[in-house]
Amino acid sequence: MKLLITGGAGFIGSALIRYLIEHTDDTVVNVDKLTYAGNLESLLEVSDNPRYSFVQIDICERAALDQVFTTHQPDAVMHLAAASHVDRSIDGPAEFIQTNIVGTYTMLEAARAYWNTLPEPRKIAFRFHHISTDEVYGDLPHPNDEPADCHGLQPRSDDSTTIASTLSVIASAAKQSTEQTATATPRSAVLPLFTEETSYAPSSPYSASKASSDHLVRAWLRTYGFPTLITNCSNNYGPYQFPEKLIPLVILNALAGKPLPIYGTGDQIRDWLYVEDHVQALYTVLTQGTVGATYNIGGHNEKRNIEVVEAICAILDELVPRISVKIDDISQSAAGLQTDLQEQSPHARTVAPKIDLQEQSRPVQAGSYTELITYVADRPGHDRRYAIDASKIQHELDWMPTETFASGLRKTVQWYLDNHVWCQRVQDGSYQGQRLGITI
Ligand SMILES: NC(=O)c1ccc[n+]([C@@H]2O[C@H](COP(=O)([O-])OP(=O)(O)OC[C@H]3O[C@@H](n4cnc5c(N)ncnc54)[C@H](O)[C@@H]3O)[C@@H](O)[C@H]2O)c1
């Protein structure tokens with residue numbers, strides 16, 4: 001199969017392409033504009049493979065897209081290109097409207113025009129898979145909510161629980177939560193989850209633009225009979241994620257000894273999915289999903305943000321403990337030093353102090369990375385809880401995530417520890433925009 005993948009230089013797109021080249025015989029053409037979020041360095045391990053090629057274009061450019069379809073003759077499109085960071089969408093929504101709505105419209109029209117030229121067997125087999133987010137559904141009641149805060153609550157669609165009884169469970173979960181520490185997330189089985197039937201109620205410019213793109217895709221299915229698939233996935237984490245998102249930001253800030261920012265009280269709940277599980281789900285949906293269907297994808301890992309940050313700190317405390325050098329019995333004025341020299345970077349740990357204090361100094365444990373946690377003002381319109389009901393993809397397509405949050409997070413932290421160069425280069429932009437692949 002020949003796949004046209006948009007946004008393949010981003011976090012999830014690059015994981016998808018690495019998976020396809022390693023685990024399938026498919027051929028991939030990667031269409032990406034290479035914004036700040038797109039880095040071909042994430043694809044170095046596949047860039048020389050004859051089944052992979054790259055085209056640098058903007059998905060809003062119709063003529064360039066038409067040329068890609070004509071040249072590469074794909075059997076399916078997997079559309080991931082998007083502006084994806086909620087905070088950026090608040091500062092500058094225009095890019096989100098342009099790429100996520102106009103870009104998706106342009107992709108749909110270019111793909112439909114190409115599809116109309118295909119012979120009947122290829123036309124029937126063709127798929128346009130739109131990759132979207134659970135953020136289109138807005139947010140869900142939170143275990144801390146008082147019943148009065150739960151206006152608009154919809155119990156899960158397969159659940160006969162009444163709203164009244166659900167509210168009472170939420171109240172009891174809230175009571176339980178205030179009695180427990182913030183590290184325990186009481187996931188009540190009756191707190192509602194996002195199903196494929198949940199009404200759209202996006203909160204941010206990002207989620208509204210993704211919701212709009214989902215509507216366009218459904219309209220192209222209904223109006224033109226265009227063979228689409230949609231997946232709505234929860235928060236992803238894993239290797240190669242741009243360090244503006246929570247998990248890589250916390251890992252890299254901690255290693256640099258910088259504050260670990262927590263929005264509000266840090267009790268926002270997200271349902272975390274390891275990126276390699278997500279890309280396997282995407283391929284399963286593409287190859288086995290019912291035309292026109294929507295599938296929710298989630299990790300069964302509801303965690304408060306503060307729990308996520310504390311879990312990262314615990315792994316770092318174990319793998320790269322913070323070390324101070326304690327200097328004993330020495331004249332401060334002669335040394336011109338503080339008595340504690342804190343070293344928080346793994347690079348710095350191997351560098352000896354410049355003055356010869358070895359006889360008087362000794363390394364001491366400098367405390368946990370959790371000491372760097374800093375509470376900052378909450379994001380406007382911040383959704384409080386997301387949680388996916390992934391039973392449809394499980395029952396219909398037999399997909400389940402393989403990583404637990406603990407195993408996936410450990411792999412992720414280790415990857416960032418092992419890949420300083422990638423982190424440095426995406427952060428300073430030194431690799432962004434560099435052409436490595438094949439152009440049309
Ligand atoms: N990251 C998540 O947790 C998550 C969860 C659910 C769904 N999604 C969705 O998955 C998709 C991929 O997310 P991601 O986290 O990999 O995003 P990302 O920001 O890491 O990557 C986006 C990619 O799209 C490219 N791009 C942006 N604008 C473009 C344009 N106009 N033309 C061509 N290419 C363009 C960028 O260069 C980049 O390579 C998005 O559609 C996002 O909405 C993400």
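Between Asn305, Asn301, the distinction of being within 16 Å of the ligand (Cβ to nearest atom) and more than 14 Å from Pro401 (Cβ to Cβ) belongs to Asn305 only.
Among the numbered conditions (1) under 19 Å from Leu140 (Cβ atoms); (2) of a type outside the set (D, E, K, R); (3) at pLDDT 95 or above, the only one that Asn301 does not meet is (3).
Is it fair to say Leu65 is assigned by TED's automatic domain parsing to the domain that holds Phe128, crowded, with 24+ Cβ neighbours inside 10 Å and more than 10 Å from the ligand (Cβ to nearest atom)?
Details: assigned by TED's automatic domain parsing to the domain that holds Phe128: yes; crowded, with 24+ Cβ neighbours inside 10 Å: yes; more than 10 Å from the ligand (Cβ to nearest atom): no.
For Leu65, the condition - assigned by TED's automatic domain parsing to the domain that holds Phe128, crowded, with 24+ Cβ neighbours inside 10 Å and more than 10 Å from the ligand (Cβ to nearest atom) - is not met.
The test for being in contact (Cβ under 8 Å) with a residue 24 or more places away in the chain, surrounded by 21 or more Cβ atoms within 10 Å (Cβ to Cβ) and away from the ligand (no atom under 16 Å from the Cβ) does not hold for Leu221. A single member of Gln176, Gln154 is part of a helix (DSSP H, G or I), out of contact with any helix residue (DSSP H, G or I) (no Cβ under 6 Å at 6 or more places or on another chain) and modelled with pLDDT under 95, and it is Gln176. Put simply, of Ala94, Ala125, Ala110 the only residue that is in contact with a Leu (Cβ under 7 Å, 6 or more places away or on another chain) and more than 9 Å from the ligand (Cβ to nearest atom) is Ala110. A single entry from Gln288, Gln360, Gln280 fulfils the requirement of being loosely packed, with under 15 Cβ neighbours inside 10 Å and modelled with pLDDT of 95 or more: Gln288.
Filter the stretch 226-240 down to residues that are near the ligand (Cβ under 7 Å from one of its atoms) and in a strand (DSSP E or B) and give me whichever is surrounded by the fewest Cβ atoms within 10 Å (Cβ to Cβ). It comes out as Asn236.
Going by the conditions given, is Val413 at pLDDT 65 or above, surrounded by 13 or more Cβ atoms within 10 Å (Cβ to Cβ) and under 28 Å from Asn235 (Cβ atoms)?
Working: at pLDDT 65 or above: yes; surrounded by 13 or more Cβ atoms within 10 Å (Cβ to Cβ): yes; under 28 Å from Asn235 (Cβ atoms): yes.
So Val413 passes the test.
Residue-by-condition table, conditions (1) within 12 Å of the ligand (Cβ to nearest atom); (2) outside any helix (DSSP H, G or I):
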{"position": "Pro248", "(1), (2)": "yes, no"}
{"position": "Ile262", "(1), (2)": "no, yes"}
{"position": "Thr265", "(1), (2)": "no, yes"}
{"position": "Thr287", "(1), (2)": "no, no"}
{"position": "Ala311", "(1), (2)": "no, no"}
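Scanning the stretch 380-430 for residues that are part of a helix (DSSP H, G or I) and among the small types (Gly, Ala, Ser) turns up Ser391, Ala406, Ser407, Gly408.
All of Asp25, Asp58 fail the test of being part of a loop (DSSP other than H, G, I, E, B), of a type in the set (Asp, Glu) and within 14 Å of the ligand (Cβ to nearest atom), apart from Asp58.
The values are calculated or read from the model by the stated rules, or taken from the named source; none is laboratory data. In this text, all values refer to a predicted model and were calculated from it rather than measured experimentally. Glycine gets a Cβ as well: all are built from the backbone with ideal geometry, and neighbour counts include every protein chain shown.
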